[in-house]
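Right, one structure below, let's go through it.
The values are calculated or read from the model by the stated rules, or taken from the named source; none is laboratory data. Owing to the predicted nature of the structure, the values given are computational and were not obtained by experimental measurement. Quick reminder, even Gly has a Cβ in these numbers, built from the backbone with ideal geometry, and neighbours come from all protein chains shown. Remember, those area values only see protein heavy atoms, side chains included, never the ligands or the DNA or RNA. Shrake-Rupley method; radii C 1.70, N 1.55, O 1.52, S 1.80 Å.
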Amino acid sequence: MKVGICGLGLIGGSMAKAYKEAGHTVFGYDNSPVPQGYAEMNRIIDGKLTPENAGECELILVALYPQGAISYMKEIAPHLGSTTVLMDLCGIKKEVCETGFALAAEYGFIYAGGHPMAGSERTGYVNSKALLLENAYYILTPTDEVSEE
């Protein structure tokens, strides 16, 4: 599976490491060159997540603060295919999910809000771990139009 991750801090970096360890192709993007560089240098990501390759991804995870997530979803939505699942990882859901569901309806991809119930007192890519989310609860906020599968 091809996975795209926008935001390579603690949560996004941990997701990238977990998907990579599971054998998936991972594209990542962070607007800061430091985590982007670490992820590339450590071969956690196979390449940079771009609008051009986002449509190849079966899953895109958005690990940004709410306003950043909304902006990124608006930017990437026109590039996604009908089988792409876009999921934000924000703790705040109302505005983010309203935007995600509206964009999915407009552009024809699948959206679900997500909130991984794990973390750390430390932040950033350097503190990310492939097992950070193992055995943790993960809340999903789909609509009736999105199957549980």
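Couple of notes before you dig in:
- Selection from ASN53, PHE27, LEU103 lying farthest towards where the dipole of the chain points positive, charges on Cβ: PHE27
- For segment 13-26, 3J(HN,Hα) per residue [Karplus equation, 6.51 cos²θ - 1.76 cosθ + 1.60, θ = phi - 60°, Hz, x = Gly/Pro]: x, 5, 4, 4, 5, 5, 5, 5, 4, 7, x, 8, 7, 10
- Relative contact order %, segment 1-55, counting alpha carbon pairs below 8 Å whose residues are six or more apart: 36
- Sequence ranges 105-112, 129-136, ranked by mean other-Cβ count within 10 angstrom, highest first: 105-112, 129-136
- Fraction of antiparallel bridges per DSSP, segment 57-149 only, in percent to nearest 5: 35
- Evaluated over the chain, the count of Lys pairs having alpha-carbon atoms less than 19 Å apart is 10 (only pairs 8 or more residues apart or interchain).
- With respect to the chain, whose longest principal axis is taken over its alpha-carbon atoms, helix 66-76 is tilted by about 70°.
- Structure-based [θ]222 nm, the chain - -39500 (n - 2.57) summed over DSSP H runs of at least 4, per residue, nearest 500: -10000 deg cm²/dmol
- Estimated inter-spin distance, THR50 and VAL34, nm [label 7 Å along Cα→Cβ]: 2.6
- FRET efficiency, 1/(1 + (r/R0)^6) with R0 30 Å, evaluated for THR83 and ASP144 via beta carbons: 0.95
- The charge dipole of the chain, taken about its Cα centre with unit charges on the Cβ of Lys, Arg, Asp and Glu (plus for the first two, minus for the last two), comes to roughly 540 debye.
- Loop-located trypsin sites (Lys or Arg not before Pro) in segment 1-43 (DSSP state other than H, G, I, E, B) with a sparse environment of at most 13 neighbouring Cβ atoms within 10 Å: ARG43.
- At a probe radius of 1.4 angstrom, the accessible area of segment 1-76 per residue rounds to 46 square angstrom.
- Integer Hz, Karplus 6.51/-1.76/1.60 couplings in order for segment 133-144, x for Gly and Pro: 9, 5, 6, 9, 5, 9, 8, 10, 10, x, 10, 5
- Set against the labelled values (i) 120; (ii) 104; (iii) 137, volume of the Cα convex hull per residue in Å³ computed from this structure falls on (ii).
- Assigned charges on the beta-carbon of Lys, Arg, Asp, Glu; segment 75-132 dipole about Cα centre (debye): 260
- Degrees, to the nearest 10: 94-107 long Cα axis against longest axis of the chain: 70
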